[in-house]
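Everything below concerns the one structure shown next.
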Amino acid sequence: MSKYTPEQVKNLVDGKLDWDTTLRMLSMPKDPERFELYIQALQKKLDWKDRIVLPLGPHLYIVQQAKTKRWVTQCDCGHVFCDWNENWKMHANLYVRETEEAMTQVYPKLMAPDTAWQVYREYTCSQCGTLHDVEAPTPWYPVIHDFEPNIDAFYKEWVNLPLPERSN
C-alpha cells in the first residue's frame with residue numbers, strides 16, 4: 001500500500017504539494033507504488049492515449065504507441081521525435097547561442113561566457129516549441145546523448161511492474 005494518495009502525487013506533479021509532504025517524500029525511501037502513481041498522474045494530463053513507459057523530462061517521455069506498440073520519444077503535445085533508443089536531440093529544433101549578442105539575451109554582458117569557449121544549444125519541439133534541454137558545450141563538441149536507459153532492468157529491478165510490450 002502506498003504511503004501517498006494519488007491526489008498527493010498529482011499535486012507533486014503539478015507543483016502544488018505542500019512543503020511538509022514534499023520534504024517527507026524527498027527524505028523517505030520511495031514506496032513501491034509511487035512510480036505507478038506518478039505515471040498515472042502524468043498520463044491524466046496528456047491528450048493522447050499512448051502509454052508512458054518512462055518520463056525523460058518535465059514534458060518529454062518514452063511512450064508505447066497505442067496502435068503500433070512501438071516505443072518512441074514523444075513530447076506533451078504528441079509530437080514524436082524518434083525511436084526511444086535514438087538521440088531525440090537529433091530530431092529537435094536547435095537554436096545555438098554562439099554570438100555575444102545571443103549570449104547577452106541570457107546573461108548580463110560582463111557575465112556571459114566567451115563564445116570561443118562555450119555556446120548554448122537549445123533543443124525545442126518543432127510542433128509546440130517547448131524547450132526540452134539546453135547544453136553548454138564548447139563550440140566544436142558533438143551533440144550530447146544524455147543517456148539511454150535500461151528500461152528492462154528498471155521495470156524488473158526497481159519498480160517491479162510488468163514491462164510494456166514493444167515492437168521495436
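The numbers here are math on the coordinates, done by the rules we state, and not lab data. Keep in mind it's a predicted model, so treat the numbers as computed, not measured. Using ideal geometry, Cβ is built from the backbone for each residue, glycine included, and neighbour counts are taken over all protein chains shown.
Using only side-chain charges placed at the Cβ, +1 for Lys and Arg and -1 for Asp and Glu, the dipole size of the range 1-45 relative to its Cα centre rounds to 100 debye. The C-alpha atoms of the chain define a longest principal axis, and helix 34-44 lies at about 70 degrees to it.
Taking every DSSP helix (H) stretch of at least 4 residues in the chain, weighting each as -39,500 (n - 2.57) and dividing the sum by the residue count yields a mean residue ellipticity at 222 nm of -5500 deg cm²/dmol. Sort the range 1-45 into rounded, prolate or oblate with this rule: let a ≥ b ≥ c be the square roots of the eigenvalues of the Cα gyration tensor; rounded if a/c is under 1.5, and if a/c is not under 1.5, prolate when a/b is larger than b/c, oblate otherwise. Oblate.
When you count the other C-beta atoms within 10 angstrom of each residue and take the mean per peptide, 5-18, 22-35, 58-71 line up highest first as 58-71, 5-18, 22-35. Rounded to the nearest 20 debye, the dipole size of the chain about its Cα centre is 560 debye, using +1 on the Cβ of Lys and Arg and -1 on the Cβ of Asp and Glu. Cα-Cα over 25 Å: which of 10/89; 3/44; 30/89; 69/156? Listed pairs above 25 Å: 10/89; 30/89.
Counting every other Cβ atom within 10 Å of each residue's Cβ, 155, 141, 4 order from fewest to most as 141, 155, 4.
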